[in-house]
1. Just to verify a number: FRET efficiency for I60 and D93, C-beta to C-beta distance, R0 = 25 Å, to 0.05?
2. Which cross-chain or sequence-distant (5 or more) residues have an amide H under 5 Å from the amide H of T86, H modelled 1.01 Å from N in plane?
3. Roughly speaking, what is the stretch gain from S109 to I37, that is 0.36 nm per residue apart minus the C-alpha to C-alpha distance, in nm to one decimal?
4. Efficiency by 1/(1 + (r/R0)^6): what FRET value for S80 and Q49, r their Cβ-Cβ distance, R0 = 30 Å, to the nearest 0.05?
5. Using modelled amide H (1.01 Å from N, peptide plane; none on Pro or chain starts), what sits under 5 Å from the amide H of A105, excluding residues fewer than 5 places away?
Amino acid sequence: MSFIPFFLQAAAGTAGAGNPTGGAGGGFGMMIPLLLIVLIMYFFMIRPQNKKQKETEKMIAALKKGDKVVTIGGIHGVISSTKENTVIVKVDDGAKIEFNRSAIATVISDKPAVEAPKEEKKGFFGFGKKAKKEETAANETKADETAENAQTEEAQAESAVESAEEKKDE
């Protein structure tokens with residue numbers, strides 16, 4: 001589809017509308033939403049795909065003997081030798097299969113994954129699990145303080161009663 005008729009129609013429509021500037025700029029105003037859509041598509045769809053493709057190309061170029069791999073067909077094995085465009089994957093003791101380099105989906109690393117410290121999920125506007133835990137902890141602290149205050153008041157009341165009884169006895 002050609003955009004030339006679109007530009008011609010936009011220019012003709014603004015020139016005949018009695019625009020004092022002679023019709024300049026009218027078509028550009030209509031193209032702004034189209035340009036925004038293209039930019040959004042680039043940043044959310046095309047750019048991440050290009051990054052992923054570059055990472056895959058680096059991984060395929062870095063294949064070496066002894067790497068544990070998984071093919072796009074789901075076959076697990078260890079690379080026994082590499083060629084320019086192919087790799088030979090040892091699947092079992094006596095079984096070796098030759099694959100194109102592009103058929104390797106992932107390289108499995110033997111390094112154990114380092115566990116990141118678990119962050120508690122926060123809900124919308126901070127009203128998540130963490131906020132609830134903090135709230136219950138604060139409520140428990142307040143309850144403990146209230147109980148201590150009540151015990152202190154009871155002790156003061158008992159001592160006041162005892163001192164009043166002592167005064168009566170005298």
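Taken together, the values in this text are just the output of simple stated rules run on the coordinates, not laboratory data. What you see is a predicted model, and the numbers here were worked out from it, not measured in a lab. Using ideal geometry, Cβ is built from the backbone for each residue, glycine included, and neighbour counts are taken over all protein chains shown.
1. Working: r = 26 Å, r/R0 = 1.05.
Once rounded, the FRET efficiency stands at 0.45.
2. R101
3. Numbers: separation 72, 0.36 × 72 = 25.92 nm, distance 3.96 nm.
Stretched fully, the S109-I37 segment lengthens by 22.0 nm.
4. Details: r = 32 Å, r/R0 = 1.07.
It comes out at approximately 0.40.
5. Distant-sequence amide H within range of A105: V70, T71, I72.
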